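Taking it in order: structure first as structure tokens, then the write-up.
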Amino acid sequence: DLPDYEEKELSSDDKANLLKHATSLLESETERYVATANTSSSQKQFFSEIMNAGTLSDRISALTLLIQESPLHSTRALTGLLALAKKKNRTAALQAVEALKDLFSNGNVLPDRKLVWFTHQNLKSLSLLMAWMVLLAFEDWLKQFYFSFVQLLETLSHDPVIHVRTSILADIMDLMRDKPEQEVNLLRLGVNKLGDADRRTASKASHLILALEQAHPAMKRVIVNAVSELVFRPNSDYHARYYSMITLNQTIVTNRDQDLANTLIEIYFTLFERLMAESKNTIDEAMAEKKIKKKGRWKSSKRPEQASPKVIKLSGQKPQFSQEAQEEANMRLISAILTGLNRAFPYSFLADDVFKSHLSVIYHVARSGNFNTRVQALMLLYQISSANQVQSDRFYRTLYESLLDPRVITSSKQALYLNLVFKAVKSDINAERVKAFAKRMMQIATETQNVGFCAGVIYLLSEVEKAAPYLRSLVTDPPDTGGSDIEVFKDIPDEDEDDDRKRESWTLSKPVSGPEYDGKTHDPTHANASATCLWELLPLTRHYHPTITHFATRYLAHKDPGSRPDLALHTLMHFLDRFVYKSPKTKSGKTGGAGSIMQPMSGSSAYASKNVLLLSTKAARQSVPSANSVDWRSLLLEKGKERGAPDEQFFAKYFVSKGLTPKDINDDEVHEDDYEDYNLAAFADSDDDIESDNELDDEE
């Protein structure tokens, strides 16, 4: 008999005695349930045969059914499943772990709250009822059992086989999403996989953590703190830092998450400073090694022995990277940090000193490194200057200089960069600087072979002109040299005059002119762009590509350019896709969307934004039909309707002129007026050549 505990405080010994008594009651209840449940001898025999001679899947299924019938009386079945999960056979272990995960996540084993230890329950209010004692004892046992299961997951998460680690990672995040029990330990296990040696596993960990944030938005702060702990660990390597930054910069921040945005910015700047310090130490060490090393009188022909990469990998040593590879890795990490700063900055509220103390380093990044990193740095600088409502001359000089970077033509961030230039130039109140930007962009567009970039620049200038009408003077007005149209003439000096008088007379006889356009200056304000015109626009009106001709002609005539150009529709890959008569593979389960959670959709909604001028989307490429599936002749006959894009009209005229159209429409229905817009003289001159080429066989 147990004493009455209602009148006194329970000591640790009293709680231990109560737990011992409750555990004995639970065992008795389990034995009674097993004895009464398996009343049929055939049922007992069938279950015994499955457990002894059945396959692994059969045994797991039988144990799962027993647990689902009554979790309270299934402690032995749960223990049996855990024993299967601890086997060395990876197949058996994964199947058992999957079964336990389904029971805990979707079954009736775990409640939708955290489990409580028996000693932490309010035992005095139970009046020592046997039913309550059994339930509390089972909850105490289940909490210990679940902790053992989490420990097993931690062991399997370090398995050398990638498939095992990936499967266990998915199970960990599913448990974290569905049940709150052991959420701290599960979150730690999931975040640690951001530093996994396999890139696919680390990428999947990042994706699952972001999905967890979407399922439980209130956990963003907890998840961010856990990721920051991984970043700032003493033994944290580049791999863990990079995927941690990828996870943090895709964390969705709203206007209600001001504290979260401030925390993210502090994490970004702290890691940024640490990277700069580590880079400086690396450079100093390299310089010190060069000073210490001295060349001998005779050169040794023997090379130092180096272990192969395979030996280094098997030994667990960290491979030694070259200085160039290390700098490239740091630039990728800095690019991820700058991306996060750009996304969190609009929702943060920090003192100006926090950003001003890092401006010099950000400007240094904006002038060095790969082009994608430069774009992110320029975007951050623009946001900082816009937030302070100060037009920074230094920012515009840096942006003006970046236009000469040859990587802008081939960069994957081309649309992002042009949108930044559009916002910066549109908000600039310095007329001379705006004209200098327009002149340099048109010069680059004329020299490049990138059709999408050229079309984007012309459309960009037409949109900027709506906010800055004075830009039209570069097209309509003569160059403003700032000089006088009156020529001053002097008499020819006599032979008796000295040389100084002759030079002065000859100088005054020349017409007075103002400053000329200087395209090589670093400051766009002093480029004197008003002293020139957009001469580069004239050759673009006769460009080989019909889209460029269309935009250049309409801009020159001061007409609406029409629809916005999608940069992805003017690539070589898109042109070749038009002539590949094979249906592309469709992605199952997703009708639209992007890989980034920060940008789930990219379509008409993105175009509706005032700050997004140009896009480069794969969806636009996939939506255009192949060349053989379009009725080109019907496209030409659409007189009263709005015609298609210029390149579509070009295709139509070319295929109709070559007779590559359906036979049900007569040639008389297509008039010569339909060919006036585009010059097909080149194709007309080569008709004979094409006909003669058709006589050749396929091999030739």
(Q) Being assigned to a helix (DSSP H, G or I) and at pLDDT below 85 narrows it down to one residue among ILE60, ILE67, ILE50; which is it? (A) ILE50
Q. Which of (1) modelled with pLDDT under 85; (2) surrounded by 10 or more Cβ atoms within 10 Å (Cβ to Cβ); (3) farther than 22 Å from LEU420 by Cα does LYS302 not meet, given it meets every other one?
A. (2)
Q. Name the pairs whose Cβ atoms lie under 8 Å apart, with the first residue in segment 536-555 and at negative phi, the second among the acidic types (Asp, Glu), and 6 or more positions between them or separate chains?
A. HIS545/ASP647; PRO546/ASP647; THR547/ASP647; ARG554/ASP560
Q) Does SER157 meet the test of being within 29 Å of ALA344 (Cβ to Cβ), touching a helix residue (DSSP H, G or I) at 6+ places or on another chain (Cβ under 6 Å) and of a type outside the set (A, V, I, L, M, F, W, C)? A) no
Q: Could you figure out which of (1) at pLDDT 90 or above; (2) surrounded by 15 or more Cβ atoms within 10 Å (Cβ to Cβ); (3) outside any loop (DSSP other than H, G, I, E, B) isn't true of THR79?
A: (2)
Q. Going by the structure shown, is PHE104 assigned by the TED database to the domain that holds ARG76, modelled with pLDDT of 95 or more, aromatic (Phe, Trp, Tyr) and within 27 Å of THR23 (Cβ to Cβ)?
A. no
Q) Given the conditions (1) open to solvent by 70 Å² or more (accessible area, probe 1.4 Å); (2) modelled with pLDDT of 90 or more, which single one is not true for MET130? A) (2)
Q. List, please: which pairs have Cβ atoms under 7 Å, are six or more places apart or on different chains, and start with a residue in segment 404-418 that is within 15 Å of VAL457 (Cα to Cα) and end with one that is of a type in the set (D, E, K, R)?
A. none
Q. Within segment 187-232, which residues are under 17 Å from TYR268 (Cβ atoms) and open to solvent by 70 Å² or more (accessible area, probe 1.4 Å)?
A. ARG221, GLU229
(Q) Against the condition crowded, with 17+ Cβ neighbours inside 10 Å, over 22 Å from the mean Cα position of the chain (by Cα) and modelled with pLDDT of 90 or more, how does TYR347 come out, does it pass? (A) no
**Q.** Candidates ASP112, ASP102, filtered to the one that is within 24 Å of VAL184 (Cα to Cα) and assigned to a helix (DSSP H, G or I)
**A.** ASP102
Q) What residue, of ASN342, ASN388, is modelled with pLDDT of 60 or more and within 24 Å of the chain's Cα centre (by Cα)? A) ASN342
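Here's the yes/no breakdown for (1) aliphatic (A, V, I, L, M); (2) part of a loop (DSSP other than H, G, I, E, B); (3) under 45 Å from the mean Cα position of the chain (by Cα):
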residue	(1), (2), (3)
MET133	yes, no, no
LYS143	no, no, yes
PHE149	no, no, yes
HIS158	no, yes, yes
ASP171	no, no, yes
GLU181	no, yes, yes
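The values are calculated or read from the model by the stated rules, or taken from the named source; none is laboratory data. Since the model is a prediction, treat every value here as computed from it, not as a measurement. Ideal geometry is used to build each Cβ from the backbone, glycine not excepted, and the neighbour counts take in all protein chains shown. What goes into the accessible areas is simple: the full protein's heavy atoms, side chains included, and nothing from ligands, DNA or RNA. Shrake-Rupley method; radii C 1.70, N 1.55, O 1.52, S 1.80 Å.
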